[in-house]
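Single-structure report; data block below.
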Amino acid sequence: MTTSATHTTTAGGVEVAQPTVASHLHDYWRRVRGGDLGSLPAVLGLIVLSLIFAVARETFTSPLNFANLFNQGAQVVFIAMGLIFVLLLGEIDLSAGFASGVCGAVMAILLTNHGWPWYGAIPAALLTGLVIGLVLGLLIAKVGIPSFVVTLAAFLGFQGLLLVLLGGGVNISIRDPFVIALNNKNIPVLWSWILAVAAVAGYALVQLSRRRGRAARGLTTDPIGIVLLRVGGLGAVVLATTAVLTQERAVNPAINSLKGVPIVVPIIAAFLILWTFVLGRTTYGRHVYAVGGNTEAARRAGIPVDRIRISVFVIGSFMAAIGGILAVSRASSVDPNTGGSNILLYSVGAAVIGGTSLFGGKGKVINAVIGGAVIAVIDNGMGLMGFSSGQKFIFTGLILLVAASVDALARRRAAATGTR
């Protein structure tokens with residue numbers, strides 16, 4: 001039996017009503033009207049901003065500038081990914097920026113001053129991030145100090161520690177080719193296309209396998225048209241991006257050819273897949289959302305709340321360490337301002353602009369990537385148009401305020417309609 005709204009399938013002798021494409025889209029629109037906006041405002045904002053800057057400056061859409069967006073925004077995106085976990089619990093980490101700088105400094109010092117190889121210095125920087133997160137988490141979860149106070153103190157302390165590590169302000173350069181390549185070099189064109197096709201094929205396989213598995217268990221499934229639309233949309237974005245990035249970008253190709261997907265892109269994609277799986281498909285992820293939604297209810301349900309709170313700060317500082325490594329790679333050096341300036345504000349802004357709630361319990365890792373793209377586009381586009389740093393800060397602050405307002409209004413709408 002088929003209707004305009006649903007159709008039925010048989011699973012194990014039991015008829016299961018399955019949504020059609022029309023009913024699926026109608027249900028999505030109902031959720032949006034009920035306040036469940038997700039990343040929709042950020043995606044629309046990203047499209048509008050990109051169109052504005054593309055019209056204002058032709059160089060904005062050049063392959064060289066497009067590739068630079070990924071390299072310039074990598075540190076913010078990785079710190080924002082870690083902050084997603086913290087924000088899901090309704091907590092805050094004000095130290096993430098300078099924590100990334102400290103971890104980057106540890107790597108640079110070991111590489112340059114002590115002659116360590118990259119495969120020793122990078123794990124040391126990551127371990128530093130894990131220790132930082134563990135200390136912050138213990139102070140917050142076990143001692144009971146509010147996260148705002150702990151991380152504000154850490155913000156000041158790490159700023160001072162960075163100065164101490166760098167001998168009062170010395171700039172330490174790095175020459176390790178592997179580390180420098182992480183956020184400066186590109187994947188060969190052939191491998192860029194292989195990875196792009198593999199990514200689309202892998203996503204299609206996951207989507208179809210998930211649909212088949214749910215159908216076999218007698219559960220409702222997304223219409224095949226919606227699944228194909230998702231795969232086609234991702235494929236169009238990935239392949240179009242690869243096509244642009246595999247063009248020659250060098251001013252003088254005869255001297256130094258510059259083409260291929262930046263190495264940092266698959267690194268971002270790998271962590272996006274990892275943390276999306278952790279939050280969406282594991283017991284730990286369900287516990288994070290449960291604690292963020294209602295801490296007391298989660299505690300009564302037997303969820304180890306303190307462990308969850310500690311773990312999100314460990315993950316946050318670990319991702320900050322990766323951001324610091326990529327920042328040092330990008331600059332080929334570390335200085336007292338690494339991880340400082342506007343990095344923390346941009347990282348928090350990226351998470352919130354992307355759709356993560358400041359009130360806890362709502363957000364996905366993809367929010368960090370989308371929000372980071374918005375931040376990168378604003379910073380890059382306004383820079384090309386000749387705006388001053390002050391004007392860029394004002395505009396970015398307004399965008400963040402709008403995002404926070406949308407979140408607050410959406411939550412109020414969801415409460416009023418009973419969709420939350």
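Derivation of every value follows stated rules applied to the coordinates shown; laboratory data play no part. Being a predicted model, the structure only gives us computed values, none of them experimental. We place every Cβ from the backbone using ideal geometry, glycine too, and count neighbours over all the protein chains shown.
Between the Cα long axis of helix 264-281 and the first principal axis of the chain there is an angle of about 40°, rounded to the nearest 10. The angle separating the long axis of helix 224-245 from the principal Cα axis of greatest extent in the chain is about 20 degrees. Percent of Cα pairs in the chain per distance bin of 10 Å, from zero to the largest separation: 5, 19, 29, 27, 14, 5, 1, 0. When the Cα atoms of the stretch 168-215 are aligned to their principal axes, the ranges along those axes come out at 62, 31, 11 Å in descending order. Ignoring aspartates and glutamates fewer than eight residues from residue 259 along the same chain, the ones with Cα atoms less than 13 angstrom from its Cα are 248. The order of the peptides 185-191, 352-358 by mean Cβ neighbours within 10 Å, most packed first, is 352-358, 185-191.
As I understand it, the value is the acute angle between the Cα axis of helix 283-293 and the longest principal axis of the Cα atoms of the chain; what does it come to in degrees, rounded to 10? Approximately 90 degrees, to the nearest 10. Where a Cα-Cα gap under 26 Å defines reach, which lysines qualify for residue 142, not counting those fewer than 8 residues away within the same chain? Within the straight-line limit of under 26 Å, residue 142 reaches these lysines: 362. About the centre of its Cα atoms, the stretch 186-261 shows a dipole size close to 400 debye [charges on the beta carbon of Lys, Arg (+1) and Asp, Glu (-1) only; nearest 20 debye]. Charging the Cβ of each Asp and Glu at -1 and of each Lys and Arg at +1, and nothing else, the dipole of the chain about its Cα centre rounds to 980 debye. Inter-part distance, the stretch 52-124 to the stretch 138-170, computed on C-alpha centroids, equals 19 Å.
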